Amino acid sequence: MNKILITGANGQIGTELTVALRERYGSNQVIGSDIKRPVANHDHTFQVLDVLNKTAIQALVQDEGITEIYHLAASLSAVAEKQPLRAWELNMQGLLNVLDTAKIDQLKVFWPSSIAVFGDHAPKAFCSQHTITQPRTVYGISKAAGENWCRYYYDNYGVDVRSIRYPGLISHTAQPGGGTTDYAVEIFHQAIKNRQYTCYLKPHTTLPMMYMADAVRATLELMEAPSLGLTVRTSYNVAAMSFSPGELEAAIRKHLPAFRADYRPDFRQTIADSWPTGINDHQARHDWSWMPRYDLPDMVNDMLVRLRQEKDLR
Ligand code: SER
């Protein structure tokens, strides 16, 4: 029976992935962990865990009989640029601690990579699986190095580690935690509350994006795919939709005609400009039958319906 540990369980992906894994495997089989216990967390299985403390990870794995780790704890792109060395340590050492624990106990591992591994020399519009990765951000550098470490542990120690290069993720449940694509969530909250949003990217900045329902399903499907079919042990490209802030504004305005955005680019514009505008996910579709379900209109519709219901926003 799988016994799962999630690090970074309070983050944007962790919040929804914990729920999905519990629905799949049962509540007692899934332990959420994070550096702090959130005030409103009444989850009796929750553990406070610092991923930089390898001894603590190993003790928890032993005590709980963990068989799989979803290692999500990381610093995202915009926050990482403010404290590059701290971000490098968290993103890199945290991953190495998890991989080394997995090596000892032969655990299965999921680790998120990102479109941030690509830089100026990768194809812009339909970025291939195997191409030049010369990232310009410390976040991207840590993800590119991490991908290679994942393959190294697979090749040399047989650790069954699987990874996805997520695009920008959009969720109605959890707020993003300091990424360059956070605007695509903030804009919904501001559109509903104030009918106005000031975006930190230029209106024509197209980026690859995905609705969280698709991202969670991709994660579960990759982890359940037969190992034999997986040809990529660095990280898989996955795609769902690409849009710019201007296109998202227009799509929201179809539902909220009074909504307006204005644009005041900051340092995140340079990060966004270094990323692809679209992703070729042929390999994921071929190897584990990946297929997105949400496009821009479906995502916008679902976000607005759910935010209004859940957050009681009008
Ligand atoms: N959404 C992430 C970020 O903006 C990309 O992986 O940092």
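Rule-based calculations on the coordinates, nothing more; no lab input. All of these numbers come straight from a predicted model, not from anything done at the bench. FYI the Cβ positions are ideal-geometry reconstructions off the backbone, even for glycines, and counts take in every protein chain you see.
Points worth noting:
- P(r) histogram, all alpha-carbon pairs of segment 98-172 included - 10 Å bins from 0, percent: 19, 44, 28, 9, 0
- Tilt relative to the chain, helix 94-105 - C-alpha long axis, 0 to 90 degrees, to 10: 40 degrees
- Here's the picture: charge each Lys and Arg Cβ at +1 and each Asp and Glu Cβ at -1 in the chain, and of 98, 25, 206 the one pushed furthest to the positive end of that dipole is 206.
- On the basis of the beta-carbon distance and an R0 of 30 Å, residue 25 and residue 106 show a calculated FRET efficiency of 0.95.
- Ranked packing of 134-144, 188-198, most packed first, by mean Cβ within 10 Å: 134-144, 188-198
- Note on residue 306/residue 262: beta-carbon distance plugged into 1/(1 + (r/R0)^6) with R0 of 25 Å gives a FRET efficiency of 0.45.
- Over segment 232-273, the fraction of Cα-Cα pairs per 10 Å bin, rounded to whole percents and listed from the shortest bin up, is 21, 34, 30, 12, 3.
- Computed magnitude of the charge dipole of segment 122-189 (debye, nearest 20; Cβ of K, R +1, Cβ of D, E -1): 200 debye
- Dipole moment magnitude, nearest 20 debye, segment 154-265 about Cα centre, only Lys, Arg, Asp, Glu C-beta charged: 460 debye
- The Rg/Rh ratio for the chain is 0.95, where Rg is the radius of gyration of the alpha carbons and Rh is the Kirkwood radius.
- Between residue 270 and residue 131, the simple label model (points 7 Å from Cα in the Cβ direction) yields a spacing of 2.3 nm.
- Net charge dipole, the chain: roughly 640 debye, given to the nearest 20, about the Cα centre with Cβ charges of +1 for Lys and Arg and -1 for Asp and Glu.
- Convex hull of segment 79-122 built on C-alpha atoms - directionally averaged projected area, nm²: 4.1 nm²
- C-alpha center-to-center spacing [segment 177-192, segment 243-264] in angstrom: 12 Å
- Value of [θ]222 nm, deg cm²/dmol, for the chain, DSSP H segments ≥ 4, -39500 (n - 2.57) each, nearest 500: -12500 deg cm²/dmol
- Segment 243-313: C-alpha pair distances exceeding 15 Å, %: 71 percent
- Highest average first, the peptides 89-98, 16-25, 224-233 ordered by how many other beta carbon atoms sit within 10 Å of their residues are 89-98, 16-25, 224-233.
- Stokes-Einstein, applied to the Kirkwood radius of segment 1-101 over Cα pairs at a viscosity of 1.567 mPa s and 4 °C, places its translational diffusion at 93 µm² s⁻¹.
- Additional length obtainable on full extension of the chain from residue 254 to residue 155, 0.36 nm per residue less Cα span: 30.6 nm
- Note on segment 165-314: along the principal axes its Cα atoms extend 52, 35, 24 Å, ordered by decreasing extent.
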